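The values are calculated or read from the model by the stated rules, or taken from the named source; none is laboratory data. Since the structure is predicted, the reported quantities are computational estimates derived from the model, not experimental observations. Virtual Cβ from ideal backbone geometry, glycine too; neighbours counted across all protein chains shown. Side chains are part of the model used for accessible areas, which takes the heavy atoms of the whole protein and leaves out ligands, DNA and RNA. Shrake-Rupley method; radii C 1.70, N 1.55, O 1.52, S 1.80 Å.
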Amino acid sequence: WSGKVVPVRSQSCKRVDLLGSWEQYLTKRSGECRAGFPYKRRKLAACGAVTFEALTPNAATAAVALNEFVQVEAGSWRQSTGSALVARPRMDAFFRELARRFAERGQLRVCFLRCGGQAVAAQLGLRFADRIWELKVAYDQRWHAASPGRLLLWESLRDAFAQGLKSYEFLGAGDGQQAWWHTSEKQLQSLVYYPYAIDGVLAVGADLGG
């Protein structure tokens with residue numbers, strides 16, 4: 001293997017530094033955040049018991065957890081934009097292999113918010129270096145009025161505090177609600193590898209051309 005690795009400045013990502021207790025953290029959030037979105041919870045609870053589930057699948061159960069995540073995402077807005085895993089086979093295969101590898105190490109984390117036992121929001125992430133790394137989130141669009149994604153994030157953050165972790169890393173631009181929760185942000189940098197071959201030359205040309 002021969003080629004060149006080029007660092008490329010990327011977007012900044014927000015994080016929640018898990019300092020102090022969950023209660024102390026909430027004191028600096030909005031009143032609605034502190035209360036846990038009671039109106040939304042009542043709206044969802046009117047249709048069934050609302051429960052939060054945080055799973056750490058092993059290699060044998062990772063596929064089952066990921067299948068349920070994909071099912072929730074297929075009912076989200078991502079499906080209409082073509083960004084859902086079910087509409088992108090190569091990306092789906094990538095996440096399945098990633099899930100399998102991290103599940104073998106006990107580092108895969110899949111969370112669900114359920115209403116009457118049915119998953120209405122889901123979150124795919126990793127637990128690594130005493131941090132939660134949020135990779136993908138989704139919610140069933142049919143439950144949009146109850147903001148299940150917002151409720152799931154509230155529960156996930158509370159769970160991360162309870163585990164005594166260092167931070168909750170959002171890893172993306174998100175849907176706008178990150179601004180309510182973050183305590184700091186970091187600049188990311190991508191490493192792009194260009195092999196000394198025709199494919200590498202074509203890739204350089206394509207990247208320089210925008």
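Would you say residue 186 is out of contact with any Cys (no Cβ under 7 Å at 6 or more places or on another chain), closer than 30 Å to residue 27 by Cα, charged (D, E, K, R) and modelled with pLDDT under 95? Taking the combined requirement at face value, the residue does not satisfy it. Screening the candidates 56, 81 for the property of being open to solvent by 50 Å² or more (accessible area, probe 1.4 Å), at pLDDT 95 or above, more than 18 Å from residue 117 (Cα to Cα) and of a type outside the set (Lys, Arg) yields one hit, 56. Number of residues in the stretch 121-137 that are touching a residue at least 60 places away in the same chain (Cβ under 8 Å) and not in a strand (DSSP E or B): the value is 0. Filtering the stretch 1-18 to residues that are hydrophobic (A, V, I, L, M, F, W, C), surrounded by 11 or more Cβ atoms within 10 Å (Cβ to Cβ) and out of contact with any Lys or Arg (no Cβ under 9 Å at 6 or more places or on another chain) leaves 6, 16.
Looking across the stretch 187-197, just one residue is touching a Lys or Arg at 6+ places or on another chain (Cβ under 7 Å) and either among the aromatic types (Phe, Trp, Tyr) or not in a strand (DSSP E or B) (or both), and that is 194. Every residue in the stretch 103-122 that is open to solvent by less than 10 Å² (accessible area, probe 1.4 Å), within 11 Å of the chain's Cα centre (by Cα) and closer than 19 Å to residue 60 by Cα, please. Those that are open to solvent by less than 10 Å² (accessible area, probe 1.4 Å), within 11 Å of the chain's Cα centre (by Cα) and closer than 19 Å to residue 60 by Cα: 110, 111.
Can we say residue 93 is surrounded by fewer than 15 Cβ atoms within 10 Å (Cβ to Cβ), aliphatic (A, V, I, L, M) and either without any contact (Cβ under 8 Å) to a residue 60 or more places away in the chain or farther than 21 Å from residue 154 by Cβ (or both)? Yes.
Evaluate the following for residue 37: is it open to solvent by less than 40 Å² (accessible area, probe 1.4 Å), within 27 Å of residue 109 (Cα to Cα) and either within 22 Å of the chain's Cα centre (by Cα) or not acidic (Asp, Glu) (or both)? Taking the combined requirement at face value, the residue satisfies it.
Taking residue 74 as the residue in question, decide whether it is open to solvent by less than 10 Å² (accessible area, probe 1.4 Å) and touching a helix residue (DSSP H, G or I) at 6+ places or on another chain (Cβ under 8 Å). So that I can check it myself, show each step before the final result.
Numbers: open to solvent by less than 10 Å² (accessible area, probe 1.4 Å): no; touching a helix residue (DSSP H, G or I) at 6+ places or on another chain (Cβ under 8 Å): yes.
Judged against the criteria, residue 74 is not a match.
Any chance the stretch 78-95 includes a residue that's of a type outside the set (Gly, Ala, Ser) and in a strand (DSSP E or B)? Checking the stretch 78-95: not a single residue is of a type outside the set (Gly, Ala, Ser) and in a strand (DSSP E or B).
Restricting attention to the stretch 162-180, the residues that are closer than 19 Å to residue 27 by Cβ and surrounded by 20 or more Cβ atoms within 10 Å (Cβ to Cβ) total 1.
Can you say whether residue 154 is more than 22 Å from residue 85 (Cβ to Cβ) and of a type outside the set (Val, Ile, Thr), as far as the supplied structure shows?
It is true that residue 154 is more than 22 Å from residue 85 (Cβ to Cβ) and of a type outside the set (Val, Ile, Thr).
Are any residues in the stretch 140-186 assigned to a strand (DSSP E or B) and either touching a Ser or Thr at 6+ places or on another chain (Cβ under 6 Å) or free of Cβ contacts under 8 Å to residues at least 24 places away in the same chain (or both), and if so, which ones? 185 - this is the single residue of the stretch 140-186 that is assigned to a strand (DSSP E or B) and either touching a Ser or Thr at 6+ places or on another chain (Cβ under 6 Å) or free of Cβ contacts under 8 Å to residues at least 24 places away in the same chain (or both). May I ask you to verify whether residue 45 is of a type in the set (A, V, I, L, M) and either open to solvent by 70 Å² or more (accessible area, probe 1.4 Å) or under 24 Å from residue 178 (Cβ atoms) (or both)? Here the answer is no, as residue 45 does not meet what is asked.
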